[in-house]
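Below is one structure, written out as structure tokens; the observations come after it.
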Amino acid sequence: ATEETLVLVKPDGVARGLTGAILARIEAKGYALVDLRLVEPDRGRLEQHYAEHEGKPFYEPLLEFMMSGPSVAIRLAGNRVIEGFRSLAGATDPTTAAPGTIRGDLGRDWGLRVQQNLVHGSDSPESAARELDIWF
Ligand code: CMP
């Protein structure tokens, strides 16, 4: 069924000039851009977005990284787009993400700094609804 998801081109993707390349893959797949904006999130917005990760060892570095520059927030629609975009993005760690995926083809090996993995995609319909409200 047609559904919506939140995609973020994270600060590393924007800073490296990969927004266009990432959007090209999303559009080539046939997903529809419903809304798109450049956002410089404050800490409060990120605390909401990453609430489930509070207390984990990567939580603070992740927030610092996400405040290091603008992200592109995308409201994306398509048939099973939540699962489909995560497949397009590839595994969380760009070091091991499969070739053919955004992270596998464009992500760099950042050692322990796994938070720099170019994109975010909601992981369930509940997360998508919650996260779209935070960013739009
Ligand atoms: P994302 O899918 O946006 O949601 C949680 C983020 O936390 C994830 O992408 C990574 O950026 C980051 N992350 C997840 N696991 C780790 C980890 N083990 N070390 C560092 N960052 C992580």
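The values are calculated or read from the model by the stated rules, or taken from the named source; none is laboratory data. Values in this document were obtained by computation on a predicted structure and should not be read as measured data. No Cβ is skipped: glycine too gets one built from the backbone with ideal geometry, and neighbour counts run over all protein chains shown.
Residues in the stretch 42-72 that are away from the ligand (no atom under 12 Å from the Cβ), of a type outside the set (V, I, T) and within 13 Å of the chain's Cα centre (by Cα): P70 alone. In the stretch 67-84, the residues that are in contact (Cβ under 8 Å) with a residue 12 or more places away in the chain form Cβ pairs under 6 Å with partners that are among the basic types (K, R), at six or more places apart or across chains, as follows: S71/K10; A73/R37. The set of residues from the stretch 73-104 being more than 10 Å from the ligand (Cβ to nearest atom), within 11 Å of L118 (Cα to Cα) and either of a type in the set (A, V, I, L, M, F, W, C) or surrounded by fewer than 19 Cβ atoms within 10 Å (Cβ to Cβ) (or both) comprises I102, G104. Against the definition (modelled with pLDDT of 95 or more, over 12 Å from E4 (Cβ atoms), within 9 Å of the ligand (Cβ to nearest atom) and assigned to a loop (DSSP other than H, G, I, E, B)), how does D123 come out, yes or no? Yes, satisfied. Restricted to the stretch 126-136, and to residues there that are within 13 Å of L8 (Cα to Cα) and within 13 Å of the ligand (Cβ to nearest atom), the residue that is surrounded by the fewest Cβ atoms within 10 Å (Cβ to Cβ) is I134.
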